[in-house]
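Comments concern the structure below.
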Amino acid sequence: MANSSMLCTVVVAACLAVAAADWSQGTATFYGGIDASGTMGGACGYGNLYNAGYGINNAALSQTLFNNGASCGQCYLITCDWSRPGGQWCKPGNSITVSATNLCPPNYGLPNGGWCGPGRPHFDMSQPAWEHIGVVQGGIIPVLYQQVTCTRQGGVRFSIAGSQYFLLVNIQNVGGSGAVAAAWVKGDKTGWIQMSRNWGANWQALAGLVGQGLSFAVTTTGGQYLQFMYVVPGWWQFGMTFGTNRNFAY
């Protein structure tokens with residue numbers, strides 16, 4: 001019986017260690033007001049987060065997590081870590097999934113750039129999302145987080161900007177890994193043109209494509225590749241957004 005009990009203890013400890021390995025430590029604050037209206041826009045370029053498919057469960061990432069915009073759209077499961085200093089402001093047992101939509105820049109008026117300074121994994125979450133896991137009077141809480149698969153309503157969206165000399169496309173509502181690793185555009189009169197990240201979730205092609213119907217191909221950071229053929233009709237204008245009926249699973 002003693003040997004059986006010891007074996008069970010070892011198995012449980014091993015399982016807990018595996019579970020803990022899936023999580024990383026960070027911190028979280030909140031911004032944007034009780035209705036999250038102040039989180040609209042942001043460094044990923046999504047603009048109105050409702051229209052772009054992200055809603056109020058969003059967060060600005062510290063420089064370390066933001067990765068120069070490569071993390072835009074990724075989803076993170078976050079829970080308050082009551083075991084660390086500041087954990088008295090946790091709501092134990094609660095967790096929330098947020099999408100990365102903005103950058104929390106370092107504040108070099110504070111030591112080491114503040115909570116969003118270099119090397120710090122930090123989430124400046126929308127207030128409603130933050131209050132799901134923390135007590136508002138605390139202001140800042142220790143958290144555990146992990147990147148998770150994004151579940152989106154509807155298909156990927158392409159918002160068109162630029163000029164007659166180049167195309168700038170904000171790729172929105174991406175499921176699966178949530179973030180774009182590579183993108184291509186094809187006009188009615190061209191082959192596939194490799195795009196490059198301009199900033200955030202904006203991808204550019206140095207080509208004049210005005211008046212041509214557009215197709216896109218996208219690879220996510222999860223490695224899934226999809227083509228979105230004939231998404232944009234030839235009569236498109238800058239400022240328009242076009243939806244699809246396809247999305248990513250990983």
Scan the stretch 139-196 residue by residue and report those that are farther than 24 Å from Cys75 by Cβ and of a type in the set (Lys, Arg). Lys186, Lys189
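Look through Gln227, Gln204, Gln212, Gln237 and report the one residue that is part of a loop (DSSP other than H, G, I, E, B) and closer than 19 Å to Gln194 by Cα.
Numbers: Gln227 fails: part of a loop (DSSP other than H, G, I, E, B); Gln204 fails: part of a loop (DSSP other than H, G, I, E, B); Gln237 fails: closer than 19 Å to Gln194 by Cα.
Unique residue meeting the criteria: Gln212.
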Are any of the residues in the stretch 185-208 closer than 17 Å to Ala52 by Cβ, in contact with a Leu (Cβ under 9 Å, 6 or more places away or on another chain) and among the hydrophobic types (A, V, I, L, M, F, W, C)? yes
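Results for (1) within 16 Å of Gly200 (Cβ to Cβ); (2) in the same structural domain as Leu144 (by the TED database); (3) open to solvent by less than 60 Å² (accessible area, probe 1.4 Å), shown as yes or no for each residue.
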{"position": "Thr29", "(1), (2), (3)": "no, yes, yes"}
{"position": "Asp35", "(1), (2), (3)": "no, yes, no"}
{"position": "Gly45", "(1), (2), (3)": "yes, yes, yes"}
{"position": "Tyr50", "(1), (2), (3)": "no, yes, no"}
{"position": "Ile56", "(1), (2), (3)": "no, yes, yes"}
{"position": "Ser62", "(1), (2), (3)": "yes, yes, yes"}
{"position": "Ser71", "(1), (2), (3)": "yes, yes, yes"}
{"position": "Tyr76", "(1), (2), (3)": "no, yes, yes"}
So, in the stretch 85-102, of the ones that are open to solvent by less than 50 Å² (accessible area, probe 1.4 Å) and touching a Phe, Trp or Tyr at 6+ places or on another chain (Cβ under 6 Å), which residue ends up nearest to Gly32 (Cα to Cα)? Thr101
Given the conditions (1) open to solvent by less than 70 Å² (accessible area, probe 1.4 Å); (2) in contact (Cβ under 8 Å) with a residue 60 or more places away in the chain, and given that Ser196 satisfies all but one, which numbered condition is not satisfied? (2)
Scope the stretch 147-172; condition of a type in the set (S, T, N, Q) and closer than 11 Å to Ala201 by Cβ; matching residues: Ser159, Asn170, Gln172
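Tell me which residues, restricted to the stretch 213-250, are among the aromatic types (Phe, Trp, Tyr) and open to solvent by less than 50 Å² (accessible area, probe 1.4 Å). Walk me through how you get there before you give the answer.
Step one: of the stretch 213-250, the residues among the aromatic types (Phe, Trp, Tyr) are 216, 225, 228, 230, 235-236, 238, 242, 248, 250.
Selection gives Phe216, Phe228, Trp236, Phe242, Phe248.
Condition check ((1) of a type in the set (A, V, I, L, M, F, W, C); (2) within 28 Å of Ala161 (Cα to Cα)) across all residues:
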position: Ser37; (1), (2): no, yes
position: Gly53; (1), (2): no, yes
position: Asn57; (1), (2): no, yes
position: Gln63; (1), (2): no, yes
position: Lys91; (1), (2): no, no
position: Asn102; (1), (2): no, yes
position: Gly109; (1), (2): no, no
position: Val136; (1), (2): yes, no
position: Gln147; (1), (2): no, no
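The values are calculated or read from the model by the stated rules, or taken from the named source; none is laboratory data. All values derive from a computational prediction rather than experimental measurement. Don't worry about glycine lacking a Cβ; one is built from the backbone with ideal geometry, like all the others, and counts go over all protein chains shown. In case anyone asks, the SASA skips ligands and DNA or RNA and just uses the protein heavy atoms, side chains included. Shrake-Rupley method; radii C 1.70, N 1.55, O 1.52, S 1.80 Å.
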